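Where a number appears in this text, it was derived from the coordinates with a stated rule and is not lab data. Predicted, not measured: the structure shown is a model, and the values here were computed from it. Here the Cβ is made from the backbone with ideal geometry for all residues, glycine too, and neighbour counts use every protein chain on show.
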Amino acid sequence: MSRGRGLLAPLFRAACTAARRHQPSNHHPCASPQALHALLLKSGRALRPHAATRLAVAYADSGHLAHARRVFDETPHKDLILWNSMVACYAAQGLALHAWALVASMRRSGGPGLAGDGFTFSALLRPPRRVAGNADDVEMLLHLGALAHGLVLRMGHLADVVVATALLDMYAKCGRVADARRVFDAMVVRNVVSWNAIIVCYGCHGEGKDAVGLFRQMLRDGRCCPDERTLASVLSSCANMAAANEAMQVHAYAQKRGLQGFLQVANALIVAYGKNGFVREVTRIFAMTDNPDIVTWSSMVSSYAYLGHAKDAVHVFERMLHQGVQPDGIAFLGVLSACSHAGLIEDGLHYFLVMTTVFRIDLSPQHVACLVDLLGRAGRIEEAYKVVVKLSCESNADIVGAFLGACKMRGNIELAKWAADKLLCLEPSEAVNYLLMSNAFAAAGDWNELAKVRSVMRNTCVNKVPGCSWIEIGGTVQTFVSNDMVLHQSMEMQQMMELTISEVQKEYHVDTVCEDLILI
């Protein structure tokens with residue numbers, strides 16, 4: 001008996017490994033789940049819970065979920081491990097209702113120890129791979145998660161850090177940041193995974209300041225050391241809110257802990273420094289990165305494009321191709337954006353052709369908007385119009401907005417009116433669309449149409465969100481808009497502007513007076 005078990009154990013491992021890699025095992029010719037099933041049936045061990053568990057997992061990993069369920073149903077004496085494994089198989093495939101039905105059946109069976117444990121609820125709370133888009137799916141997941149939350153509280157499993165982290169992550173994936181924070185605050189024990197979950201939660205939902213604050217709290221707590229995922233998440237938050245000082249501090253911490261060598265941290269540093277305008281740091285970190293992946297290359301191209309270094313972006317993109325790295329849609333978007341903003345028309349059109357014909361990458365609205373902008377800068381408005389119509393992009397506001405900008409640049413009033421009508425239908429309450437239209441009509445000298453647009457804008461758009469600028473002073477990000485007199489240092493800034501203008505007038509002997517000194 002022990003000899004047979006010793007022979008089957010490596011076959012199980014080989015079958016599970018090959019199934020996860022979606023390829024047949026080269027070491028054991030009979031290591032497929034079907035072959036293992038046949039061996040177990042022949043040896044009379046197929047109905048044992050331990051063997052059935054491993055067989056069901058092997059079937060599920062190879063994509064045969066129905067076969068896994070058949071093995072489960074045919075096992076007469078199911079233990080908690082077999083029940084949990086089948087629940088985890090359903091949850092991993094995003095079949096939350098099937099997983100819940102199985103748990104309900106387990107609890108109704110009344111078997112000893114079959115009320116569910118921490119593994120059961122951590123598997124139940126696992127969100128599907130893609131949670132977004134469909135509001136009904138999110139609502140269903142929240143409903144099931146609330147049921148699980150109640151059971152976890154009633155059975156006392158919230159003290160289990162794995163279960164609590166799964167609950168936190170479920171709320172985070174569904175956009176319930178406040179609920180996720182409440183679970184985090186109620187946790188008795190926290191590990192680095194739970195800290196990472198809440199930091200990522202805040203970062204993904206535009207709460208970068210709170211994410212950085214939690215990172216500081218984690219350091220002060222001292223019981224868990226941040227890992228590479230923690231630093232990458234915090235750096236992403238620093239990039240999104242242009243917090244240069246915090247990004248440099250996290251960089252220093254990464255160097256001190258020896259975590260800068262992790263590719264995930266290096267990629268996040270490139271993006272963070274790129275968003276904050278530190279070109280030299282971006283170049284230096286990239287040069288120090290061993291074996292850069294597609295994310296690293298794409299981050300470099302996008303950073304150079306964002307900072308206006310179009311030729312550097314093209315050079316890095318060409319280096320990436322020369323080294324045999326397969327570019328993705330993000331890398332092409334970066335180089336197309338760089339070419340568009342720098343007026344490198346021929347290069348941009350070449351890369352667009354390469355993207356669609358050589359690499360056969362699916363077009364996104366951003367790719368099409370870059371193409372429309374490129375054609376507009378080249379004066380090929382009719383071709384840009386054909387692209388918008390042929391690709392059925394009239395329903396995308398970004399693409400139509402790019403086309404309207406091209407019409408403004410070239411003074412094509414007829415097509416500008418067509419694009420303006422499309423924008424009004426798509427987003428009638430967006431003030432920025434009215435500004436695009438009014439600028440296009442002003443550039444073409446059509447003052448009657450301009451007056452109509454302004455009138456409609458006043459009646460339709462209640463409030464226009466003003467453009468704002470920000471600067472980091474002493475680790476604090478100060479945000480201000482034009483004519484902002486609410487800022488507590490506005491008078492000092494006003495006086496400094498007056499002094500600066502006065503000194504400039506003295507230096508160049510300008511005999512003019514600035515009529516409007518209220519610049520802040």
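Odds and ends about this structure:
- Kirkwood-type radius of region 274-353, with distances r between different C-alpha atoms, in Å: 12.4 Å
- For the pair region 147-221 / region 360-435, the C-alpha centres are spaced 43 Å from each other.
- nm² value of the averaged projected area, convex hull over the Cα atoms of region 127-233: 6.6 nm²
- Entries in Lys386/Lys422; Lys417/Lys452; Lys386/Lys452; Lys173/Lys275 that, when Cα-Cα distance is taken, lie over 18 Å: Lys386/Lys452; Lys173/Lys275
- With the highest mean first, a sort of the peptides 104-111, 68-75 on other beta-carbon atoms found within 10 angstrom per residue produces 68-75, 104-111.
- Two-site label geometry, Leu424 and Met491: point separation in nm, points 7 Å out along Cα→Cβ: 4.7 nm
- Estimated FRET transfer efficiency (Ala101, Val192; beta-carbon r; R0 35 Å; 0.05): 0.55
- Using C-alpha pairs below 8 Å separated by at least 6 residues, the relative contact order for region 289-353 is 35 percent.
- Ordering 229-235, 49-55, 249-255 by mean Cβ neighbour count within 10 Å, with the highest value first, yields 229-235, 49-55, 249-255.
- Inter-label distance for Val162 and Ser395, nm, one decimal - labels placed 7 Å from Cα along Cα-to-Cβ: 4.5 nm
- Length-normalised contact order for region 217-357 - Cα pairs under 8 Å, 6+ apart - percent: 17 percent
- Listed by chain and number, the aspartates and glutamates whose alpha-carbon sits under 16 Å from that of Lys506, ignoring those within fewer than 8 places in the same chain, are Glu498.
- Based on C-alpha pairs under 8 angstrom that are at least 6 apart in sequence, region 317-411 has a relative contact order of 25 percent.
- Taking the convex hull of the alpha carbon positions in region 55-199 and averaging its projected area over all directions gives 8.9 nm².
- Rough spin-label spacing in nm, given labels placed 7 Å along Cα→Cβ, for Arg454 and His77: 8.7 nm
- Estimated from the Cβ-Cβ distance and a Förster radius of 22 angstrom, the FRET efficiency linking Asn439 and Glu382 is about 0.55.
- Gln34/Asp328 FRET efficiency (R0 22 Å; Cβ-Cβ; nearest 0.05): 0.05
- Note on region 199-353: Cα-only Rg and Dmax are 16.2, 56 Å.
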